[in-house]
Amino acid sequence: MEQKFWAYILTNKRNGALYVGMTSDLVRRMDQHRSGVVPGFTRRYGVKRLVHAEQFSDVYEALYRERQLKAWRRAWKMRLIEEANPQWRDLAEELFI
């Protein structure tokens, strides 16, 4: 079975706080974000809505993309989300439930 890795962006609301992360298990990671078990930015700001996700077969590609997205200006991230997900739907609900 091929391993999959994800670079993703979460928010708390449309045009709200943005969080960029990377994981090998997006379903498990989203559960962690939503339940607030891990202290930090996402729990503090209620960042639980998955608005962008990119899948990779190589961990280094996913890490590179995460770092790239973290270095981007906020406006660039907003544009990326708006182009692929203009309604700011919670993609976790559509993809994993």
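Each value in this text was obtained by applying a stated rule to the coordinates, not by laboratory testing. These numbers were taken from a predicted model, which means no experiment stands behind them. Counting neighbours? That spans all protein chains shown, and the Cβs are built from the backbone with ideal geometry, glycine included.
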Margin query: Less than 16 Å apart at the alpha-carbon level, and either on another chain or at least 8 residues along: which lysines does that give for LYS13?
Written below: LYS48, LYS77
Item checked: Estimated distance in nm for a label pair at ARG73 and ARG14, the labels positioned 7 Å out from Cα along Cα-to-Cβ -> 2.3
Next item on the list: Along Cα→Cβ, 7 Å out, is where each label goes; now give me the distance between the ones at LEU63 and TYR45 in nm to one decimal.
Entry: 2.5
Notebook entry, point to check: What is the mean projected area of the alpha carbon convex hull for the chain, to one decimal in square nanometres?
Noted result: 6.2
